[in-house]
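Student: Mind looking over this structure? Questions follow.
The values are calculated or read from the model by the stated rules, or taken from the named source; none is laboratory data. Keep in mind that what you see is a predicted model, and the values were worked out from it rather than measured. Cβ placement follows ideal geometry from the backbone for every residue including glycine, while neighbour counts extend to all protein chains displayed. We work out accessible area using only protein heavy atoms, side chains counted, and drop any ligands, DNA or RNA first. Shrake-Rupley method; radii C 1.70, N 1.55, O 1.52, S 1.80 Å.
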Amino acid sequence: MKIHHILYPLLSPFVLSSLLPADDTIIVPCDQPVKSAKRGVCLNEVDAKDFLALAPGVSWYYNWHFADTNHAPEAAKITFLPRAWGNREADLKGLAEYLKTHKPPYVLAINEPNLKDQAFIDPKTTAELYLKIKAIADKHNIPVVGPNMALGSGEDASIKAMDPIENKKVTYTFQNAFLKAFLHYLGKTDVYALGSHTYGNFGELKWLTEMMPKEFDRPVWITEFADWHAPNVEAEIDYMIQSVDLMERSPKIQGYAWFKERVKGNQKLSLLGDKPGTLTPLGEAYVKMPVHDPAVFYKLPGRLQLESYTSMEGADIARTKDVDGFLELKVSDEKARLDYQVFTDRAQTFNAQLRLATTEGAKIELLSGDQIIATFTAATKGWQTLTAPVALPAGKSTFRLRSNSAARLNWIEFAGKP
């Protein structure tokens, strides 16, 4: 097993998630942010300072073009992914030329073929174009992600064609019928991953990210997402927090990109402010969002933010109302489970402090497997810090947090000799 001790910000692009071999482990300091291998942004109006502002949380970007015209500085460690946008000879020639001198980890293919004013080509033409793009990428052993679909569209804005499955003319107002026809035309040709764009609320994104892997049985990329009709910036931030947290913990969602770095006419969607290198409140939240990567272990002693779980069931995430911290997890009963991965240089007993809000007499337990290793009992209601000894072995370990009543959980701090 290879163990990588990584000190932020010296993270290289795509160092996390499934791109690592299964036997690799990444050790990061408890109080340091972790760059997400999944997290990207679609952009076309940035400079070096903007890239550096996004760098702590973002690993990749695209600009709807086959060549990088934005040029992230090396220090940002952000990777450009080229895109063959539509059925244009210039896109194919440009992509082929770009790949002669660059080796991106993925190529993005075909922007919204089902939507008017975008690529706007029928499933058969999309399949033919995909094969051309794949042939170019295959020469360099680069997987292709796409086509990247508009989730849905009105009849007047949707492509129409004779459907090979229905054997009748269809108006493709929903992406799935289009994708099934596209895959039909490809026959036995392997399609590595599919992409989709969503601009509805969190319920729409949640449904999409659960439906697509089941329906198409391959990795999914959400290459544009935002709540276009959120009433204000605060609602947009809440949508983004829920969406990113969901996609980070969903193994079938391999990548996602916020739309976009600056949005004219809809400022609440912008990650960057007017001044180069400044993040908006939305951008600050996007960069700070935790990863839920099974390869990552947090080194103790230190304060572990409880949103940095490895796996979770039965909890909701939101911005905390505590005096410090960024996010909190809300659990309603003992059915919730939260798993965390930590690393210690040697076996020792830590003085652990748990920050939470709950009811008087509530019990919060830490478990290793089926064994309870610590119990925290609330002396009052509301926000409080509870203390208990926690013995942990040397090396990697996993603990589960369980509450017997409703609680809001902020962080747990392990104090002890390093």
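Student: Which three lengths, in whole Å and largest first, does the stretch 114-224 cover when its Cα atoms are put on their principal axes?
Tutor: For the stretch 114-224, the Cα extents along the three principal axes come out at 38, 32, 26 Å.
Student: Which of these, N87, N70, N141, has the largest mean-square fluctuation under a Gaussian network model of the chain (Cα springs below 10 Å)?
Tutor: N141
Student: Separate question: Within the stretch 140-211, which trypsin sites (Lys or Arg not before Pro) sit in a loop by DSSP and count at most 13 neighbouring Cβ atoms inside 10 Å?
Tutor: Within the stretch 140-211, the qualifying trypsin sites (Lys or Arg not before Pro) (loop, at most 13 other Cβ atoms within 10 Å) are K188.
Student: Right, another one. Highest GNM mean-square fluctuation, the chain, Cα pairs closer than 10 Å: which of N148, N44, N232?
Tutor: Greatest mean-square fluctuation among the candidates belongs to N232.
Student: Something else: Sort 105-117, 273-285 by packing, meaning the average of other beta carbons within 10 Å per residue, with the highest value first.
Tutor: 105-117, 273-285
Student: Same structure, new question: State to the nearest 20 debye the size of the charge dipole of the chain about its Cα centre, where the only charges are +1 on K and R beta carbons and -1 on D and E beta carbons.
Tutor: For this selection, approximately 620 debye.
Student: Per the helix-only calculation at 222 nm, which mean residue ellipticity applies to the chain, given -39500 (n - 2.57) for every DSSP H run of n ≥ 4 and division by its residues, nearest 500 deg cm²/dmol?
Tutor: Result for the chain: -6500 deg cm²/dmol, rounded to the nearest 500.
Student: Would you work out the charge dipole size for the stretch 233-366 about its Cα centre, treating the Cβ of every Lys and Arg as +1 and the Cβ of every Asp and Glu as -1, and quote it to the nearest 20 debye? Intermediate results must be reported in sequence, preceding the final value.
Tutor: Values: 18 positive and 21 negative charges, 79 e Å.
Value, rounded to 20: 380 debye.
Student: Principal axis lengths of the chain from Cα atoms, whole Å, largest first?
Tutor: So the three principal-axis extents are 67, 45, 41 Å.
Student: Right, here's the next one. If the viscosity is 0.692 mPa s and the temperature 37 °C, what Stokes-Einstein diffusion coefficient in µm²/s follows for the stretch 59-143 when Rh is the Kirkwood radius over Cα pairs?
Tutor: After rounding, the answer is 248 µm²/s.
Student: Ok, one more. Normalised by the residues of the chain, what does the relative contact order come to in percent, with Cα pairs under 8 Å and at least six apart?
Tutor: 14
Student: Moving on. So between Q353 and A75, what do we pick up on full extension, going 0.36 nm a residue minus the alpha carbon distance? Before the final figure, lay out each step's value.
Tutor: Values: separation 278, 0.36 × 278 = 100.08 nm, distance 3.61 nm.
Here the answer is 96.5 nm.
Student: So if I place +1 on the C-beta of Lys and Arg and -1 on the C-beta of Asp and Glu, and nothing else carries charge, what would the dipole magnitude of the stretch 182-267 be about its Cα centre? I want it in debye, nearest 20. Intermediate results must be reported in sequence, preceding the final value.
Tutor: Working: 9 positive and 13 negative charges, 65 e Å.
That gives the stretch 182-267 a dipole magnitude of about 320 debye.
Student: Taking a probe of 1.4 angstrom, what is the accessible area of E74 in Å², to the nearest 10?
Tutor: Spelled out: E74, probe radius 1.4 Å, area about 130 Å².
Student: Right, something else. Would you mind telling me which residue in L129, L367, L151 has the biggest mean-square fluctuation in a Gaussian network model of the chain, where springs connect alpha carbons within a distance under 10 angstrom?
Tutor: Among L129, L367, L151, the largest GNM mean-square fluctuation belongs to L367.
Student: Here is a follow-up. Once you keep just the Cα pairs under 8 angstrom separated by 6 or more residues, what percentage relative contact order results for the stretch 293-355? Intermediate values should be presented prior to the final figure.
Tutor: On the way: 72 pairs, mean separation 24.3, N = 63.
For the stretch 293-355, the relative contact order is 39 percent.
Student: How big is D, in µm² s⁻¹, for the stretch 245-311 by Stokes-Einstein at 37 °C and 0.692 mPa s if Rh is the Kirkwood radius over C-alpha pairs? Intermediate results must be reported in sequence, preceding the final value.
Tutor: Details: Rh = 14.0 Å.
The diffusion coefficient I find is 234 µm²/s.
Student: On the full set of protein chains, 1.4 Å probe, figure out the accessible area of I136 and give it in Å² to the nearest 10.
Tutor: Surface open to solvent at I136 totals about 30 Å².
Student: Another question about this same structure. What percent do you get for the relative contact order of the stretch 25-152 when only Cα pairs under 8 Å and 6+ apart count?
Tutor: 19
Student: For the charge dipole of the chain, defined by +1 on Lys and Arg C-beta atoms and -1 on Asp and Glu C-beta atoms about the Cα centroid, which residue among T126, F376, I78 has the Cα displaced farthest towards the positive pole?
Tutor: The Cα lying farthest towards the positive end belongs to I78.
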